[in-house]
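For reference, the structure discussed in these notes is given below.
The values are calculated or read from the model by the stated rules, or taken from the named source; none is laboratory data. Remember, it's a predicted structure, so these values are computed and weren't measured experimentally. A quick note on method: Cβ atoms are made from the backbone with ideal geometry, for glycine too, and the neighbour counts reach across all protein chains shown. All accessible areas refer to the heavy atoms of the entire protein, side chains included, with ligands and DNA or RNA removed. Shrake-Rupley method; radii C 1.70, N 1.55, O 1.52, S 1.80 Å.
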Amino acid sequence: ANIVAETDELLAVTDINPQAPTHLLVIPKEHIATLADATQQQTALLGRALQLTNRLARDHQLTDGYRVVINNGARAGQSVFHLHVHLLGGRPFQWPPG
């Protein structure tokens, strides 16, 4: 993995199948299979994951916008069942996605 940031609780890496010029994954080191499996006790961890995502967006000069995605379950496109946050930027995005 190409590690771009790390804390005691989180790891950020480049996605091996990027869908945008900038495509990073922010991954809690604690195993949480899906967002639906996150507990109240993990609320602060999830907040820190979003804060790291925001910092990485600034670090990568995504000043004209970026997308943050958490897929929850196979039908939503989750293929790795360890919660992770996608940070995508560097190109225009459409709505609705998918």
With a 1.4 angstrom probe the carbon and sulfur portion of accessible area for the chain, in percent, totals 53 percent
Taking a ≥ b ≥ c as the square roots of the eigenvalues of the Cα gyration tensor, with a/c under 1.5 meaning rounded and otherwise prolate when a/b exceeds b/c and oblate if not, the chain is oblate
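Quick check for me: using +1 on Lys/Arg Cβ and -1 on Asp/Glu Cβ, what's the dipole size of the chain about its Cα centre, in debye to the nearest 20?
The calculated dipole for the chain is roughly 260 debye.
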Heavy-atom accessible area per residue of the chain, all protein chains kept, 1.4 Å probe, expressed in Å², is 63 Å²
Note to self, the chain gives a 222 nm [θ] from helices alone (DSSP H runs n ≥ 4, -39500 (n - 2.57) apiece, / all residues, nearest 500) of -6000 deg cm²/dmol
Highest GNM mean-square fluctuation among Leu25, Leu83, Leu62, for the chain with Cα springs under 10 Å, belongs to Leu62
